[in-house]
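Here the structure is laid out as structure tokens; the discussion comes afterwards.
The values are calculated or read from the model by the stated rules, or taken from the named source; none is laboratory data. Source: prediction; values computed, not measured. Using ideal geometry, Cβ is built from the backbone for each residue, glycine included, and neighbour counts are taken over all protein chains shown. Ligands, DNA and RNA are stripped out before the accessible areas are found, and what is left, the full protein with its side chains, is counted by its heavy atoms. Shrake-Rupley method; radii C 1.70, N 1.55, O 1.52, S 1.80 Å.
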Amino acid sequence: MGLFRDLSQLPETAKGGVLVIGNFDGVHKGHQAVLARALEKAGEIDGEAGAEVTVLVFDPHPRQYFAPHAPSLRLTRLGTRARLLQQYGATNTVALTFDKNMAEMSAEDFIKKIIIESFDVRAICIGHDFHFGKNREGTPDMLKTAGMKYGFDVLFIEAVSPDNAGERPYSSTAIRECLTRGEISQATNLLGDYWRLEAEVQQGDQRGRTIDFPTANLSLEDYHLPLFGVYAVTVEMLDGTFAGQKFTGVANLGIRPSFETEAPRLEVFIFDFDNDIYGDTLSVGLVDFIRPEQQFDNLDELKAQIARDVQSAREVLASL
């Protein structure tokens, strides 16, 4: 998949190419435009074969490092991000650990040790407001000066906006806001695809089986939390016996107020499927918001509502 967690693992072919630096959380349409420009530049460097495009991200997100107890900002886990970046043209994704050493690295050292010594870049693509180094002292102008000194091109990529006049630029922040409000179609438009949660199926309390709606339970740990409620979803099996198979379903995202529960989770009822997938990894895409999460007085009320949710989800998903 071309995901590296350490610069010492980087293949030689990743050097001398185009380096793109950013967080790329969600790999939305704005990110896709940056990668398209980087690929274009790679072709200019090495002609038809093209130089390799490598994306450098930091994990955890620097804001998460400086505010470790704040709610998670993450839209996509690292493996998901690497797959998406590869899908849109990146050959390699390098995820450097953002720790105390990285936080205290000067901008000058970042240029010398990371950009030049580790990647030996021919060109670098960054956002127009990119800052780096301790206290964000590194500026785009500083990077441009370094490029002139050490012989690499610097491409500043402006924020990308939808075609509709007056629309705000594509951003991970805008997607989080849409998810928080349950505006799933808007989030999909910004991403260019459904927002997906990828996680391993965990052993649950199996209450769903007692009311004829068995669910696959996924942890929401490390994810930005969308509006709690019921969603129509797509489901792809990423590994295990059913790897590669795709299904549809209905899912409850939240804390299940009708039961005592400890943490938010995603419970997915997969249509026309009843097999053991504990420990398998699923990719669940949110297609549409059906209703807010609510509490029920008894299991009969809950079962009746789930049946209505299933019908609503099937109607939404029929057009896919």
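Collect residues whose amide H, placed 1.01 Å from N in the peptide plane, falls under 5 Å from the amide H of L225; neighbours closer than 5 in sequence don't count.
The answer is none.
Need one number: nm distance between label points at H69 and Y150, each 7 Å from Cα along Cα→Cβ, rounded to one decimal.
Result: 3.9 nm between the two label points.
Near the amide H of I290, under 5 Å away, which other amide H atoms are found, from residues 5 or more places off or on another chain, if H is placed in the peptide plane?
V230, Y231, A232
Return the distance in nm (one decimal) between the two label points of a simple spin-label model at I45 and K100, each offset 7 Å from Cα along Cα→Cβ.
Here the modelled spin labels are 3.5 nm apart.
Report for the chain the percent antiparallel among DSSP-assigned beta bridges with both residues inside it, nearest 5.
Details: 36 of 56 bridges.
That works out to approximately 65 percent antiparallel.
Can you pull the percent of Cα pairs in the chain with separation above 38 Å?
Of all Cα-Cα pairs in the chain, 23 percent lie more than 38 Å apart.
For region 23-169, what number results from the quotient of the Cα radius of gyration and 2.2 N^0.38 Å? It would help to have the intermediate numbers written out before the result.
On the way: Rg = 15.6 Å, N = 147, 2.2 N^0.38 = 14.7 Å.
In units of the 2.2 N^0.38 Å rule of thumb, it is 1.07.
Compute the accessible area per residue over region 1-132, keeping the other protein chains in place, probe 1.4 Å, unit Å². Before the final figure, lay out the partial values.
Values: 5820 Å² over 132 residues.
On a per-residue basis, region 1-132 sits at 44 Å².
Taking every pair of distinct Cα atoms and averaging 1/r, then inverting, what Kirkwood hydrodynamic radius in Å comes out for region 51-96?
After inverting the mean inverse Cα-Cα distance, the result is 11.6 Å.
Using a 1.4 angstrom probe, figure out how much accessible area region 230-320 has per residue, in square angstrom, rounded to the nearest whole. Please report the intermediate quantities before stating the final value.
Numbers: 4500 Å² over 91 residues.
That works out to 49 Å² per residue.
Each residue of region 187-199 in order: what ³J(HN,Hα) in whole Hz does its phi give by Karplus 6.51 cos²θ - 1.76 cosθ + 1.60, θ = phi - 60°, with x for Gly and Pro?
Values per residue, Gly and Pro as x: 4, 4, 5, 6, 7, x, 6, 5, 6, 10, 9, 10, 7 Hz.
If you average the C-alpha positions of region 278-320 and of region 80-107 separately, how far apart do those two centres end up, in angstrom?
Value for the Cα centre distance between the two parts: 35 Å.
State which entries of K29/K100; K15/K112; K29/K134 exceed 26 angstrom in Cα-Cα distance in the structure shown.
Beyond 26 Å: K29/K100; K29/K134.
At 7 Å along the Cα-to-beta-carbon direction for both E137 and S161, put a label point, then send me their distance in nm to one decimal.
It works out to 3.5 nm between the two label points.
Over the Cα atoms of region 7-61, what is the Rg over Rh ratio if Rh follows Kirkwood?
1.00
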